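Beneath this line is the structure, given in C-alpha cells, with notes to follow.
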Amino acid sequence: MVIGSRAAERAESAAAGLGLGIEGAENAECARRSDVVIVAVPWDGHAKTLEALRSELAGKLVVDCVNPLGFDKKGAYALKPAEGSAAEQAAALLPESRVTAAFHHLSAVLLQDESIEEIDTDVMVLGEDRADTDLVQALAGRIPGMRGVFSGRLRNAHQVESLVANLISTNRRYKAHAGLRVTDV
C-alpha cells in the first residue's frame, strides 16, 4: 500500500506514522504503482490534482471520496459542481479511468484511532461498472464492522457527497463521529 502526497517527504512521514509497512511517495509515483487509487483531497484541489494525474490514472480504478463542501458561520453546506458531483467531475477529467464514489461518510478520527476494533458504519458505493463497485464494496468490508452497499450510478453521487454536510452538523451537535447504516439489505 502506498500513500501519495504532492510532496514525497510528507507522504513518507504520514506512512511512517501509520506503520504497517505502508510506503509514501509523490502522487504521480503512487498512482503509477497502484491498481486502485483512492482520491481523498480537499475539494478546492480536486480538479487540479486529477488533471495532473490523468496519464498515471489511465486504466486504473479510481475511488473518489471527495465531498464538495463550503463552510460559513452557519456551518457546512453542500456545493454542486458543474458536472453534478465530485465523482462525475473525476469521471469527466479521467476518461481513461474507471471511476467509483465511496468512503464519503467515514470519520478520520475513528479510522486513525487504533483502540477502536470495529467501525459500525456502511459505505455507500456508486459507479457504472458492477465489477468495480463489487471490488470497492469488498475493500470496505475489509475494515472490521464496515460494509459496502451499492447505492446507484455516479449520477446519484451528489446526494451521497452532500449528506456529509448533515453528518458534520450532527457530529458537532452531539460531539460524535456518526456514520451511516443502511437497514434491511
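The values are calculated or read from the model by the stated rules, or taken from the named source; none is laboratory data. Given the structure is predicted, the values throughout are model-derived calculations rather than measurements. Virtual Cβ from ideal backbone geometry, glycine too; neighbours counted across all protein chains shown. Heavy atoms of the whole protein, side chains included, go into the accessibility calculation; ligands, DNA and RNA do not. Shrake-Rupley method; radii C 1.70, N 1.55, O 1.52, S 1.80 Å.
General observations
Residue-wise test of (1) without any contact (Cβ under 8 Å) to a residue 40 or more places away in the chain; (2) open to solvent by less than 20 Å² (accessible area, probe 1.4 Å); (3) over 21 Å from Glu88 (Cα atoms).
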site: Ala131; (1), (2), (3): yes, no, no
site: Asp134; (1), (2), (3): yes, no, no
site: Glu161; (1), (2), (3): no, yes, no
site: Arg173; (1), (2), (3): yes, no, yes
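- Residues of the range 95-104 classified as assigned to a loop (DSSP other than H, G, I, E, B) and farther than 16 Å from Ala165 by Cβ, total: 5
- Against the numbered list (1) at positive phi; (2) in contact with a Pro (Cβ under 6 Å, 6 or more places away or on another chain); (3) of a type outside the set (Ser, Thr, Tyr), Trp43 comes up short only at (1).
- The number of residues in the range 28-39 being outside any helix (DSSP H, G or I) and open to solvent by 70 Å² or more (accessible area, probe 1.4 Å) comes to 2.
- Just one residue in the set Ala92, Ala87, Ala25, Ala76 is part of a helix (DSSP H, G or I) and touching a helix residue (DSSP H, G or I) at 6+ places or on another chain (Cβ under 8 Å); that residue is Ala87.
- Being open to solvent by less than 40 Å² (accessible area, probe 1.4 Å) and of a type outside the set (Phe, Trp, Tyr) holds for only one residue in Leu61, Leu20, Leu79, and it is Leu61.
- Residue that is farthest from Leu69 (Cα to Cα) [pool: residues in the range 105-129 that are in contact (Cβ under 8 Å) with a residue 24 or more places away in the chain, assigned to a loop (DSSP other than H, G, I, E, B) and open to solvent by less than 60 Å² (accessible area, probe 1.4 Å)]: Ile119
- Qualifying residue in the range 141-155 (condition: in contact with a His (Cβ under 9 Å, 6 or more places away or on another chain), touching a residue at least 24 places away in the same chain (Cβ under 8 Å) and part of a strand (DSSP E or B)): no
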